[in-house]
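Below you'll find the structure, written out as structure tokens, and then a few comments.
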Amino acid sequence: GDGEHFKLGRVATPDELLAWDIDVRPDGLGLPDGRGTVAHGMEIFDENCASCHGDFGEAVGRWPVLAGGKGTLQADRPEKTIGSYWPYLSTVFDYVRRAMPFGNARSLSDDDVYALTAYLLYLNDVVTDDEFELSKENFADIKLPNEVNFTDDDRTKEPFYADKSEPCMENCKPDKATIKAHAAILDVTPEDAGEDDQPASGGIE
Amino acid sequence: GDGEHFKLGRVATPDELLAWDIDVRPDGLGLPDGRGTVAHGMEIFDENCASCHGDFGEAVGRWPVLAGGKGTLQADRPEKTIGSYWPYLSTVFDYVRRAMPFGNARSLSDDDVYALTAYLLYLNDVVTDDEFELSKENFADIKLPNEVNFTDDDRTKEPFYADKSEPCMENCKPDKATIKAHAAILDVTPEDAGEDDQPASGGIE
Amino acid sequence: AALATGTAAGARAAGDPAITEIQDWNRYPGKGVDATPYGSPSSFEAHVIRKNVPWLTSDPISSVNFTPLHEIDGIITPSGLCFERHHGGIAEIDPNAHRLMVHGMVDKPLVFTMADLKRFPRENRVYFLECAANSGMEWRGAQLNGCQYTHGMVHCVMYTGVSLKTILNEAGVKPEGKWLLAEGADASAMTRSIPLEKALDDCMVAFGMNGEALRPEQGYPVRLVVPGWEGNMWIKWLRRLEIGDQPWQQREETSKYTDLLANGKARRFTFLMDVKSVITNPSPQAPIRHGKGPLVLTGVAWSGNGRIRRVDVSVDGGRNWHTARIDGPGLPKALHRFYYEFDWDGSELFLQSRAIDEAGFVQPTKDQLRSVRGTNSIYHNNGIQTWHVTEEGRIENVEIS
Amino acid sequence: AALATGTAAGARAAGDPAITEIQDWNRYPGKGVDATPYGSPSSFEAHVIRKNVPWLTSDPISSVNFTPLHEIDGIITPSGLCFERHHGGIAEIDPNAHRLMVHGMVDKPLVFTMADLKRFPRENRVYFLECAANSGMEWRGAQLNGCQYTHGMVHCVMYTGVSLKTILNEAGVKPEGKWLLAEGADASAMTRSIPLEKALDDCMVAFGMNGEALRPEQGYPVRLVVPGWEGNMWIKWLRRLEIGDQPWQQREETSKYTDLLANGKARRFTFLMDVKSVITNPSPQAPIRHGKGPLVLTGVAWSGNGRIRRVDVSVDGGRNWHTARIDGPGLPKALHRFYYEFDWDGSELFLQSRAIDEAGFVQPTKDQLRSVRGTNSIYHNNGIQTWHVTEEGRIENVEIS
Ligand code: HEC
Ligand code: HEC
Ligand SMILES: [Ca+2]
Ligand SMILES: [Ca+2]
Ligand SMILES: [Ca+2]
Ligand SMILES: [Ca+2]
Ligand SMILES: [Ca+2]
Ligand SMILES: [Ca+2]
Ligand SMILES: [Co+2]
Ligand SMILES: [Co+2]
């Protein structure tokens, strides 16, 4: 690079790069060698994942839902899953490898992660054959259905941002204010809320 | 006053002013009614003060010295006491009343404080008669010997401050630096210093 | 009548015993200078804490707690009160075993220890950090009673660290490099893709906050600082920086931190935190206890675009607006503290604040936001907040006509 | 050879196990958001604490401890590390039982509760506070090995409070009023006389520091802020303000905080803290452990006259000076952070810093001070500090030719 150099640090070794460079991109960059079938993925999933995410990715309690939800993105309560929402398969592989199972991250082999990713495709109806084998070679061919629905940030074109005129300061509304809605969780601050005090609109993600 | 008023707070009552307005000035403003003799002061002092300040105000251990030290202000180790250093008697009365005995402040009666102040004058040879009685009435007449030696702040006239020319930046001294003195308490940070690790020049005040 | 007086109005004729009687602390000495080598707040301030909302998330180790905005003032958030958000709990990292790797499209991949990082030229900068999900609960309508819960996923501290540009330059970014992947060393190995342009602009690799070392929950020993952009990008426990030519489409920029619109489309890479403000006092957790008369209304405003140019306050639900006083120098991408002092006549109020940033953007109403985005976006809710004040001084989170 | 490397230079061919082996914090989750409602520093920072020097004073309840300047950066001192000085221990005051009285030469004597004080318009300001006895041990020559001990009676925080002028005005100061007496509620009932001109200039009655309530040891629930003037005047646990026409000649302005000169005369009312600076790193408690090459030299500078205009650094004991880089906006009567980065060639150094303030005053040498004042002044020692660096990177407090 240009600018001043300080000659600090040292060159990373190949082993070190191998150990830490675990990210995977949609184009397949970063995928390790390996493979795994839907059927094998089911075995691993049932043992390591289903306790939180449910046998079919439907989730236990408030743990995240991983499958289903198709066609709900415009509904009152969208269910955003790998099949209904996620744009890229690489994210599944990458995330499971880096962060799951929750509580024991980095414990899965690369083949396990291929198999789990295959099984999550199966639970989400992206593949239907339980003999299907996912590998480094066929990975980048698989597309998730919702990819097309992601758009770039265009907030500055929203009318209230695009309009930079001075806001109204006096007599901006005709009638006296009336209350349309009170806080849903009335007079319940979290410290004295019971288990069943849940908001009308679900938690944060 | 001028400027905005907020009408906050409330008027202080006479009892409240009496309770808190305990300060005393050199001109006697703030002195309460009362009186006390040197002899009575000695009794109180021996019981309540001598354990720290010594029978004659000479101090026990590192507690403050209250008497003596006359003629030491230009010495290598000045001893700054009521007699040798303090400019005003009112400070003795005011301070003893507000803060002594250490550990049980505000426990003395006004008469006790007059008596103790009289005794401290005696210990410092400002009065020599142990029958001497100090009172609100004769208080302001008594002067401490060192009052004349206090001068106003004239730091800005010191040569290195008065001279505001740009300081030297290059070749400001002829020879290479040599060490004149090392830290007196060498390689001894307080946490591992023993009782006897004391600086060459005594503590802070 | 107000909730309680708390004022000195009720002195007895004889005088208030708090004055006429000698208090213990005025007579008996307190603890010495050896008692608290690292100090803490007074026991009388024990209520001033971060709070979490158990039902918001599945587990406290992948959850959030909230800054008590109604209990603090000025623009610097005390380190112990900065909200926490982590996805695998607080990583407790031995700084001697921590490394930072820079690799990918660079001239040579490098590894730094913490001691190495501290040999680069440093800078100290004050920035706000807001979680993109702050106020996310409020998309569908008023939900929680208290600015700690509605707006408490923001804090503002002074960071000490090295310009990210300096560190990337040390490895030498190749011309093809367009994006940066930042990764944490915690159990979620948190990752985000950041445009290289931002990385080379004002980002920092910070090891200090508010003068001392980063706190564990804020990424000790080292975190990324991404001024003005969503908090999730400020990778904590930072261990790796990779240069690439495309974004990585990580879980936190696809499944999460994308903004679902009413039409089923979703915006991605909505990095910048928009102009926003909230009145912190009075507010539901800080009702008016002193009755009529002088009242200090205060709050905070911020924008990912830079400085706040102005904050307006309304006490009648947006009919009429009064320009508030902004206290302090106004640092870019930092909290701004505003005050509006007035005499409360004891009548019902609808309090609102509206910030305008130096790019000219005006904080929108919640209804304006909903009219374009619907109510399923979760993130980037910077709508104007309304607090309803009753004649008793009680305060509630409401939506109004 | 340096004291220790601490750098990443020694990676094995196969790779550093800190990288090639998965660390526990990268696999197992840490503590959740409910674990620390009020956070603390990492356990790896347990050495970053205030320290006291038992033999300096007779008892820890009338004593001092010191800010670890060599462990902090930027200009804001973490509240838990602000040095303590008290004369009757830390008063632990119930804020509901605390009162502030304003009386004397005023139109009407008033009493305020804490709730009352919080209804006045507020301001937030960053100021340094230095004890007049800071560096007092060094008058006779180098004494203590470490800037924590030689210079650690200074801190700098952001205060929240009310302008003193506003409060005095509420009572209405009479034209005869020329001085103010401020009194604390602690067991020493600490008092100081302050010229009314200063009181009406930039003083504050502060209830907040660094965003939260004042810490107990800093005067909770309320203290006086006297910008640029000696710390003893910043009355803690403030309970009373009396207006008068003369100074009171209290113990802390006669017996103490008067500056004995060589000729036996003593200066009184030496309020202002002079222009001063110190190199905090490297320094005796923070030796150079990394050997030759890039080195970050840093320190702090301040002046009661306002801003610091410039700081010069010498590495050869004052033969040659290099102007340091001041980081940040430079707030009046606040700490200024300076840096001077250079490549250390591994040879012996004599480090010094010299500050110049906006009034044009230049920080003097210790010998210049002694030539006028002698060595018995105790207070107001703002002389240039010298650190001797050996080839091994060890550092000692010295005086040089
Ligand atoms: C102990 C509970 C638990 C177990 C077991 C578990 N997970 Fe998870 N999983 C979680 C939690 C909690 C999250 C969300 C973490 C966060 O947001 O920080 C999550 C998130 C995920 C996500 C992302 C969901 C989304 O919508 O972004 C995927 C995919 C996933 N887990 C897959 C797996 C797989 C595969 C396994 C087994 C190998 C597994 N999980 C085991 C708790 C669990
Ligand atoms: C338990 C020990 C102790 C006792 C008992 C005690 N004192 Fe003190 N005295 C101190 C200490 C400690 C100081 C200094 C406090 C400070 O600087 O904050 C002091 C300071 C003083 C001073 C000011 C000294 C100076 O040079 O500024 C006077 C005068 C004084 N005491 C008088 C008295 C009298 C009179 C009594 C008895 C009624 C008394 N003391 C009892 C410990 C004690
Ligand atoms: Ca990679
Ligand atoms: Ca409640
Ligand atoms: Ca309930
Ligand atoms: Ca008085
Ligand atoms: Ca030691
Ligand atoms: Ca010893
Ligand atoms: Co976003
Ligand atoms: Co002075």
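The values are calculated or read from the model by the stated rules, or taken from the named source; none is laboratory data. Bear in mind the structure is a predicted one, so any value in this text is a computation, not a measurement. All Cβ positions, even for glycine, are placed from backbone atoms using ideal geometry, and neighbour counts span all protein chains on display. With ligands, DNA and RNA removed, areas are computed over all heavy atoms of the protein, side chains included. Shrake-Rupley method; radii C 1.70, N 1.55, O 1.52, S 1.80 Å.
Structure values in brief
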| item | result |
| --- | --- |
| Label-point gap, in nm, between residue C:20 and residue D:345 - each point 7 angstrom along Cα→Cβ | 7.8 nm |
| Compactness of the protein assembly as shown - radius of gyration and Dmax, Cα, Å | 33.0, 114 |
| Extreme residue, positive dipole direction of the stretch B:1-154, given options B:51, B:121, B:146 (C-beta unit charges) | B:51 |
| Accessible surface of the stretch C:327-381, 1.4 Å probe, proportion on carbon and sulfur as whole % | 51 percent |
| For residue C:330, net neighbour charge (Lys/Arg +1, Asp/Glu -1) across residues whose Cβ lies under 10 Å away | +1 |
| Whole-number percent relative contact order across the stretch B:1-112, with pairs defined as alpha carbons under 8 Å at least 6 apart | 22 percent |
| Long-range amide H partners of residue C:342 with built H, under 5 Å | C:295, C:297 |
| Sites residue B:125 and residue D:269, calculated FRET efficiency, Cβ-Cβ separation with R0 30 Å, nearest 0.05 | 0.60 |
| Alpha-carbon centroids, the stretch C:188-264 and the stretch D:118-168: separation in whole Å | 36 Å |
| Normalised contact order of the stretch D:276-398, rounded percent, pairs of Cα under 8 Å and 6 or more residues apart | 32 percent |
| Rounded to whole Hz, the Karplus (6.51, -1.76, 1.60) HN-Hα couplings of the stretch B:160-173, x for glycine and proline | 6, 8, 4, 7, 9, 5, 4, x, 4, 10, 9, 6, 7, 9 |
| In nm, spacing of pseudo-spin labels at residue D:107 and residue D:372 (7 Å Cα→C-beta vector) | 4.3 nm |
| Shielding of D:357-366 by partner chains, average beta-carbon count, 10 Å | 3 |
| Summed residue charge, Cβ within 14 Å of residue A:181's Cβ, Lys/Arg positive, Asp/Glu negative | 0 |
| Ranking by accessible area, most exposed first, for D:198, A:176, B:7 with a 1.4 Å probe | B:7, A:176, D:198 |
| The stretch D:85-267 - percent of accessible surface contributed by carbon and sulfur, probe 1.4 Å | 48 percent |
| Area accessible to solvent at residue C:190, 1.4 Å probe radius, in Å² | 20 Å² |
| Cα-centred dipole magnitude for the stretch D:85-267, charges only on beta-carbon of K, R (+1) and D, E (-1), debye, nearest 20 | 60 debye |
| Residue order for A:40, D:103 - accessible surface, 1.4 angstrom probe, largest first | A:40, D:103 |
| Backbone N within the stretch B:122-154 under 19 Å of label point (7 Å from residue D:359 Cα along the Cβ vector) | B:151-154 |
| The stretch D:241-290 - convex hull of alpha carbons, volume per residue in Å³ | 179 Å³ |
| Chain C: equivalent-ellipsoid semi-axes (sqrt of 5 x gyration tensor eigenvalues, Cα, Å) | 40, 28, 18 |
| Residue C:40 paired with residue B:158, simple spin-label distance in nm, labels 7 Å along Cα-to-beta-carbon | 4.3 nm |
| Efficiency of FRET between residue A:27 and residue C:262 - r from beta-carbon atoms, R0 30 angstrom, step 0.05 | 0.45 |
| Of the DSSP H helices in chain B, those whose Cα atoms cover at least 18 Å axially and whose Kyte score averages 0.0 or more | B:110-123 |
| Area hidden from solvent between B and D (accessible, protein heavy atoms only, 1.4 Å, total, Å²) | 8800 Å² |
| Where chain D is the region considered: accessible area per residue in Å², 1.4 Å probe | 26 Å² |
| Only Lys, Arg (+1) and Asp, Glu (-1) charged, at Cβ; the protein assembly as shown dipole about Cα centre in debye | 2440 debye |
| Most mobile listed residue (C:228, C:15, C:161) in chain C, GNM with C-alpha springs under 10 Å | C:15 |
| Chymotrypsin sites (Phe, Trp or Tyr not before Pro) restricted to the stretch A:1-94 and DSSP loop, no more than 15 other C-beta within 10 Å | A:56 |
| Backbone HN-Hα couplings from phi across the stretch C:85-97 [Karplus 6.51/-1.76/1.60, Hz, Gly and Pro as x] | 9, 9, 10, x, x, 7, 5, 9, 9, 6, x, 6, 9 |
| Mean-position separation - Cα centroids, the stretch D:277-351 and the stretch B:126-149, in angstrom | 53 Å |
| Whole-number Å³ per residue for the convex hull built on Cα positions in the stretch C:133-200 | 155 Å³ |
| Under 28 Å from residue C:265, Cα to Cα: lysines that are on another chain or at least 8 residues apart | A:70, A:80, A:143, A:157, A:164, C:178, C:198, C:256, C:276, C:366 |
| Using θ = phi - 60° and Karplus 6.51 cos²θ - 1.76 cosθ + 1.60, couplings along the stretch D:296-302 (whole Hz; Gly, Pro as x) | 9, 9, 9, x, 10, 9, 7 |
